[in-house]
Amino acid sequence: MGKIKMGGSAVMEFEPDYCEFHITVSVQKDTASESLTKGRKQVEDILHLLTEKTTLKINDIILQDENLTSSNYSDKKYCIYSKSFYFIYKNDNKFTDSVTELIENTDNIDYNINFRFENESEKNQIVLMAAVADAKEKAEKLAVALNTKIIGFEEILSDFQGNSRSLPRENDNIFFDAMSMFKSERTSLAAQMGNHKIKISKSVNVIWLTD
């Protein structure tokens with residue numbers, strides 16, 4: 001019995017299952033009272049837009065962070081109020097574009113979108129198996145050249161990490177069908193772009209057994 005050590009790799013792209021749309025309102029004023037008053041009103045205005053123009057309910061929008069801080073610049077004191085919140089929906093460019101259009105005339109906000117898988121571990125496993133298959137194919141070619149054949153493996157070393165974040169199940173109240181959320185159909189070019197894809201790469205080293 002002999003052994004062949006062979007490396008394998010695979011790179012695959014997957015469309016994410018859902019999006020997290022994060023919004024942060026940040027207002028800077030001379031006093032804490034001014035910052036709080038304007039900042040809280042700004043938050044209320046955005047929440048009204050989201051709940052009136054889409055099928056989002058207020059308890060579908062999740063508070064992430066809220067704070068009031070003071071800072072000094074050129075001997076002048078400023079107070080900054082900020083509040084961050086987010087909501088989750090099935091990955092769809094049309095809905096994303098609709099939301100950005102909805103808030104485009106709103107001042108003092110930042111937003112960002114995080115793309116997520118429903119089951120990241122499952123995607124990692126698919127790519128890992130493809131990397132093992134690549135290692136086996138190359139080992140089999142070498143085995144043929146040596147007038148032998150692969151009969152099993154002794155060890156597989158990989159960069160696979162099993163712990164990952166999973167998507168809340170569809171019956172959870174923060175998971176939505178984006179196409180049904182917005183009350184009007186969007187036709188902009190941005191809404192028609194292809195969906196974002198996430199690239200996953202894996203590599204392995206396998207010790208194959210030969211007869």
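Nothing in this text is a laboratory measurement; each read-out follows from the coordinates by a stated rule. For clarity, every value in this text was computed on a predicted model and none was experimentally measured. Positions of Cβ are generated from backbone atoms using ideal geometry, with glycine treated the same way; all protein chains shown enter the neighbour counts.
Side notes on the structure shown:
- Members of segment 1-51 found to be under 30 Å from LYS149 (Cβ atoms) and not hydroxyl-bearing (Ser, Thr, Tyr), listed by number: MET1, GLY2, LYS3, ILE4, LYS5, MET6, GLY7, GLY8, ALA10, VAL11, MET12
- Among the residues of segment 26-42, those identified as assigned to a helix (DSSP H, G or I) and either surrounded by 17 or more Cβ atoms within 10 Å (Cβ to Cβ) or touching a residue at least 24 places away in the same chain (Cβ under 8 Å) (or both) are ALA32, GLU34, SER35, LEU36, LYS38, GLY39, ARG40, GLN42.
Conditions tested, residue by residue: (1) surrounded by fewer than 17 Cβ atoms within 10 Å (Cβ to Cβ); (2) in contact (Cβ under 8 Å) with a residue 12 or more places away in the chain.
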residue	(1), (2)
GLU44	yes, no
THR54	no, yes
LEU63	yes, yes
ILE88	no, yes
PHE95	no, yes
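- Taking segment 74-94 as the range and being of a type outside the set (Lys, Arg) and within 21 Å of VAL25 (Cα to Cα) as the test, the residues that pass are TYR78, CYS79, ILE80, TYR81, SER82, SER84, PHE85, TYR86, PHE87, ILE88, TYR89.
- Flag if ASN112 is surrounded by 13 or more Cβ atoms within 10 Å (Cβ to Cβ), in contact (Cβ under 8 Å) with a residue 60 or more places away in the chain and either on the phi > 0 side of the Ramachandran plot or of a type in the set (S, T, N, Q) (or both): no
- Selection count where residues are among the small types (Gly, Ala, Ser) and assigned to a strand (DSSP E or B), scope segment 43-74: 2
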